[in-house]
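Derivation of every value follows stated rules applied to the coordinates shown; laboratory data play no part. Keep in mind that what you see is a predicted model, and the values were worked out from it rather than measured. Neighbour counts are summed over all protein chains in view; Cβ atoms, including those assigned to glycine, are modelled from backbone coordinates with ideal geometry.
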Amino acid sequence: MNTSNSLAVITPNHPALQPSANPVAVYLASLGVGSRRAMAQALRVIAELLTGTTADPASLPWWNVGYQHTQAIRSLLMERYSPASTNKMLAALRGVLRESWRLGFMDAETFHRAIDIKTVKGNTIPKGRSLGSGEINALVEECYGDPSPAGVRDAAILALLYAAGLRRSEVVGLNLADYDGDTGSLKIVATKGNKARTVYLGNGAKAAMTGWIKARGDMAGPLLYRIRKGGKIIPECLTDQAIWVILEKRFKAAKVKPFTPHDLRRTFAGEMLDAGVDLVTVQHLMGHASPVTTSRYDRRDEKTKMEAATKIHFPMVAF
């Protein structure tokens, strides 16, 4: 095996399988909308390792992947990616092998040996950044300074991402019926792992949503609509990419340092934990399967380390 570049031990399976009998299609269909793209990309990476070339994961005979292959894949991924990314890709590999077994392409012993892959241990510094209160204020002011319907809509988007900590895919998946204007509650159904939960908007975030719904109208359908240039509201749902484009427009206009939609979710988690909200509650609000995932957003340890650094006296020199 050439572990420096790829394994090149699997060749594409030329006869096309029907989606209902294809392990890759069945596995991806079992995931939440927000996870499919990431796991599909993970499978593409692994498919390239297995074939030594660019290959469509759906065309591979995954049932020919054995224990020796999965261990080599783990080794190669560890060389190229962070522990978190490696574990995500290994989870995708296990998922496809599991569907291969369930669909009758693998016997139980081969399957269980193949998925016996140890989780990669190690910590990495989370990517992204948290936004300061001044930046949030500047963004909201930028939205409300826009007299078109896009202004109140984009303020509502900021409220969902920052004040409710939603994922981008969850924001675009909301329907008007999911929001209770009296309580400010939001039912999150189209979530990662299909785990439904309820979150709440309060104070200014709730007011932002009220303003948008007033402009939107009470017609059933997506909570957020597209808006054409000129302010014409189009009753069609937004895409994940549209959320990014909207935020980019607003942070440029507000002269705020670039950030991603996930950075707003990160800021939500950090501010919740800073305010003393317990970890399990924040976990449930964010829809995480484990509190370990939520703890990665905890900024309190960093503040403690910053304060500790001031305890060391280093002589001051005037330059």
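Taking the chain as the reference, fit the longest principal axis to its C-alpha atoms, fit the long axis of helix 67-80 to the helix C-alpha atoms, and give the angle between the two in degrees, 0 to 90, nearest 10. Computed tilt is about 40 degrees.
Please report, in debye to the nearest 20, how large the charge dipole of the chain is about its Cα centre when each Lys and Arg carries +1 at its beta carbon and each Asp and Glu carries -1 there. About 360 debye. Among rounded, prolate and oblate, which fits segment 92-158 when a ≥ b ≥ c are the square roots of the eigenvalues of its C-alpha gyration tensor, a/c under 1.5 means rounded, and a/b larger than b/c means prolate? Oblate is the answer for segment 92-158, as a/c is 1.5 or above yet b/c matches or exceeds a/b. A simple count of charges around residue 63, restricted to other residues whose Cβ falls under 15 Å of its Cβ and scoring Lys, Arg +1 and Asp, Glu -1, yields +1.
I'd like the per residue volume of the convex hull spanned by the Cα atoms of segment 133-299, given in cubic angstrom. Kindly include the intermediate steps, with their values, before the conclusion.
Working: hull volume 18.3 nm³, N = 167.
Dividing the Cα hull volume of segment 133-299 by its residue count gives 110 Å³.
Pairs of Lys residues in segment 133-299 are counted when their Cα atoms are under 20 angstrom apart and they lie 8 or more places apart or on different chains; the count is 10.
Taking other residues whose beta carbon is less than 11 angstrom from the beta carbon of residue 239, and scoring Lys, Arg as +1 and Asp, Glu as -1, yields 0. In this simple spin-label model, placing a label point 7 Å from the Cα along the Cα-to-Cβ direction at both residue 29 and residue 245 gives a separation of 3.1 nm. Amide H contacts under 5 Å for residue 185: 180, 201, restricted to partners 5 or more places along the chain or on a different chain, H placed in the peptide plane at 1.01 Å from N. Of the three principal axes defined by the Cα atoms of segment 19-114, the extents in descending order read 33, 31, 23 Å.
Could you work out how far helix 300-309 tilts from the main Cα principal axis of the chain, as a 0 to 90 degree angle to the nearest 10? Roughly 80 degrees, rounded to the nearest 10.
Between beta-carbons, use under 15 Å as the cut-off and find the net charge around residue 254, counting Lys and Arg +1, Asp and Glu -1. Net of charged neighbours comes to -2.
Angle of helix 203-216 to the longest C-alpha principal axis of the chain, folded into 0 to 90 degrees and rounded to 10: 90°. Dividing the summed helix terms, -39500 (n - 2.57) for each DSSP H run of n ≥ 4, by the number of residues in the chain produces a 222 nm estimate of -15000 deg cm²/dmol to the nearest 500. Rounded to whole Å, the principal axis extents of the Cα atoms in the chain read 67, 59, 35, largest first. Sites listed here are trypsin sites (Lys or Arg not before Pro) in segment 165-267 whose DSSP assignment is loop and whose Cβ has at most 16 other Cβ atoms within 10 Å: 195, 228, 229, 232, 255.
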